[in-house]
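Notes to accompany the following structure.
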Amino acid sequence: MNWLQRTSDNIDKEEKPNFWTSYADIMAGLLLMFILLLMVVILDYKDTLAEKTREIESKQVMIEEKQTMIEEKQGKIEEMLGVRKDIVEALKEEFSDTDLKLEIDNETGAIRIPGEVFFEIDSTEVSTDGIKNLKEFVPNYVAVLLGDNFRKHISQIIVEGHTDDQGSYMYNLELSQGRALEVVKEIYGDRFSDFKYKKILLEYLTANGRSYSQPIYKADNSIDRERSRRVEFKFRLKDKDMIKELQRTLESKE
């Protein structure tokens, strides 16, 4: 091999590039970029996960608050709707041991007392025994309705006279109205002693006569004249106020 050939071979060896070194550098750079990108993704994921966790916890708190609010509304609605039932139960308990011949309507809470408990036949004057029976009944009845538990729900207390179907409608209307009115007059008369809530009872008490328009029937659908001759003590609730309050409860927001 001559000098020229040897020189050419040396030049070729010196100028030949090292491709493996460049490839390794590129791979190292790509790996570093991948690691950096992965770290960015991981950090972003952690932030997103933390944010989602906070959102879930916030929503859970809102759900619990709404559930509490719903339970409170349900309790208030049940309280309003259960007032009449509670009054009926209170009246039953109050008069469970009484000797008076009275009936308590399970649906309305009206108390029916036979006419002869207070009056003689065809009379509007309260009898001696009638006064005694009124003194036994009225204070306890009023104490239930106008006590702290129910007074806010009571709109009116009605003494209502009823007759049987014997005689004309107008005669019986006058008789029933007279009896209801005499009961009220007797309560505020000189022979009736004071009792708790007597003064505020004036704000609620009224008297009506119904003649024989609402008779009581026997099982065979014939009129039960003995039970139809009666005095009823009834109450009315503040239905409009309760409905408005119920509507406000249903529509209220947190």
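Quick rundown of the values:
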{"item": "Residue order, fewest to most beta carbons within 10 Å, for Phe195, Phe118, Phe34", "result": "Phe34, Phe195, Phe118"}
{"item": "Ranking of Glu51, Glu94 by count of other Cβ atoms within 10 Å, fewest first", "result": "Glu51, Glu94"}
{"item": "Additional length obtainable on full extension of the chain from Phe34 to Thr53, 0.36 nm per residue less Cα span", "result": "4.1 nm"}
{"item": "Distance from region 174-223 to region 96-128 (C-alpha centre basis), Å", "result": "9 Å"}
{"item": "Sites matching trypsin sites (Lys or Arg not before Pro) across region 205-237 that sit in DSSP coil, with at most 12 neighbouring C-beta atoms within 10 Å", "result": "Lys218"}
{"item": "Among beta bridges that DSSP assigns inside region 83-245, antiparallel share in %, nearest 5", "result": "75 percent"}
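Each value in this text was obtained by applying a stated rule to the coordinates, not by laboratory testing. Since the structure is predicted, the reported quantities are computational estimates derived from the model, not experimental observations. We place every Cβ from the backbone using ideal geometry, glycine too, and count neighbours over all the protein chains shown.
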